[in-house]
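Below is one structure, written out as structure tokens, with a few remarks after it.
The values are calculated or read from the model by the stated rules, or taken from the named source; none is laboratory data. Note that this is a predicted model, so its numbers are computed, not measured. Methodologically, a virtual Cβ is constructed for each residue, glycine included, from the backbone with ideal geometry; neighbour enumeration extends over all protein chains shown. Areas reflect the complete protein model, heavy atoms only, side chains present, ligands, DNA and RNA absent. Shrake-Rupley method; radii C 1.70, N 1.55, O 1.52, S 1.80 Å.
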Amino acid sequence: MIPPQLTQIAIQEIIENIWDSFLELEIQPAADNPEFPTTASLLTGQVALHGDWQGFLTLVCPKIIACKAATAMFNIAPDALGEIELRDTVGELTHILAGNLKSLLPAPSHLSLPVVTDGYNVPDNETTVANILLQCEGRLLQITLFKKEKSA
Amino acid sequence: MKILIVDDSSAMRMIVRRTLREAGYGHLEVQQAGDGNQALESVHKDPPDLIFSDWNMPNKSGLEFLEALNEEGYKIPFGFVTTEATSEMRAKATQAGARFLISKPFTAETFAKTLESYVKK
């Protein structure tokens, strides 16, 4: 069952708050339900939730947006950033998002550490609770929350 | 006055430092550690006056770090800066002796309000 408080608007508000507080970048829902460009240069952040509510969250972020986000977080020039900083940034953003979403889910539960991989790594064989496409600096980001059934 | 910032994300440590400056605490001497083990080592070498620690970290979590400090008899004011701020986590933090818990994302105003009890500007 999907918790009633876990609405698309609630998730969007959390993301907008994170983007505004830490990145000073605008992010808004993508218009007209576009297709996500899965073959673009992307990073996928993933955090698992264990406990009364089990599942995981993915954030798929174009590397160009990861670079802008890392520039804001590290406060250094883009050409001084490496792959480590981009992955750190996407991992931390995914973790903050998961931590904030956790407060809308049944307790107690806890978060895994974030894992960041290259490319589009969103499973298509899991139960999707929410899937949101957002637009930042003209690029699409995808946030998906999956639920895993508890094993007996 | 020295503050120890503990977080496995170097991006977040940068943001905490920047937010401290924005909150009017740019004069603080800052030490950094990437997990609870490194933080404990740092405390042994040069104890800070205040600790800001993430909760969820590899090797030794923030809570395990705080418990280790308690076992060793340290009385350094300790606060969590963490993504998870459920009532359950707040209760655990208080029970372990944390003075405050700041949830991410945070603002300079939150830092200023929290720190006024512990640090002079």
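Measuring heavy-atom accessible area with a 1.4 angstrom probe and counting protein chains only, the residues of region B:72-103 that give up at least 40 Å² relative to the chain alone are B:THR83, B:GLU84, B:THR86, B:GLU88. Placing R0 at 30 angstrom, the Cβ-Cβ distance between B:LYS113 and B:GLU72 gives a FRET efficiency of 0.50 after rounding to 0.05. With unit charges on the beta carbon (Lys/Arg positive, Asp/Glu negative), name the residue among B:LEU66, B:SER9, A:LEU134 whose Cα is farthest towards the positive pole of the charge dipole of the protein assembly as shown. Of B:LEU66, B:SER9, A:LEU134, it is B:LEU66.
By accessible area, using a 1.4 Å probe on protein heavy atoms only, chain B has 43% of its surface on carbon and sulfur.
The mean number of Cβ atoms from other chains found within 10 Å of a Cβ in peptide A:88-95 is 5, as a whole number. Computed over the protein assembly as shown, the percent of Cα pairs more than 22 Å apart is 56. The overall shape of chain A, judged from the alpha-carbon gyration tensor, is prolate: a/c is not under 1.5, and a/b is greater than b/c. About its Cα centre, the protein assembly as shown has a charge dipole of approximately 560 debye under the convention of +1 per Lys or Arg Cβ and -1 per Asp or Glu Cβ, with nothing else charged.
Counting only other chain Cβ atoms within 10 Å of each residue's Cβ, the peptide B:5-14 averages 6. Taking the chain by itself as reference, region B:32-58 contains these residues with an accessible-area loss of 40 Å² or more in the full protein complex (1.4 Å probe, heavy atoms): B:ASN56. Based on Cα contacts under 8 Å between residues 6+ apart, chain A shows a relative contact order of 35 percent. The B-A contact accounts for roughly 1800 square angstrom of buried accessible surface, both chains included, probe 1.4 angstrom.
Residue ranges B:36-42, B:95-101 sort as B:36-42, B:95-101 when ordered by packing (mean number of other C-beta atoms within 10 Å per residue, highest first).
Normalised by 2.2 N^0.38 Å, where N is the number of residues, the alpha-carbon radius of gyration of chain B equals 0.95. For the peptide A:110-116, the mean number of other protein chain Cβ atoms found within 10 angstrom of a residue's Cβ is 3. For the protein assembly as shown, what is the mean residue ellipticity at 222 nm derived from helices alone (per DSSP H run of n ≥ 4: -39500 (n - 2.57); sum divided by total residues; nearest 500 deg cm²/dmol)? Calculated mean residue ellipticity at 222 nm is -10500 deg cm²/dmol.
Once the 1.4 Å probe is applied to the protein heavy atoms, the protein assembly as shown comes out at 46 Å² accessible per residue.
Entry note, region B:2-115: relative contact order of 26 percent, from Cα contacts under 8 Å with a spacing of 6+ residues. Of the accessible area of chain A, computed with a 1.4 Å probe over protein heavy atoms only, carbon and sulfur atoms account for 50 percent.
Within the set B:LYS75/B:LYS104; A:LYS102/A:LYS147; A:LYS102/B:LYS60; A:LYS150/B:LYS60; B:LYS45/B:LYS75; A:LYS102/A:LYS148, which residue pairs have Cα atoms separated by over 18 Å? Long pairs (Cα-Cα over 18 Å): B:LYS75/B:LYS104; A:LYS102/B:LYS60; A:LYS150/B:LYS60.
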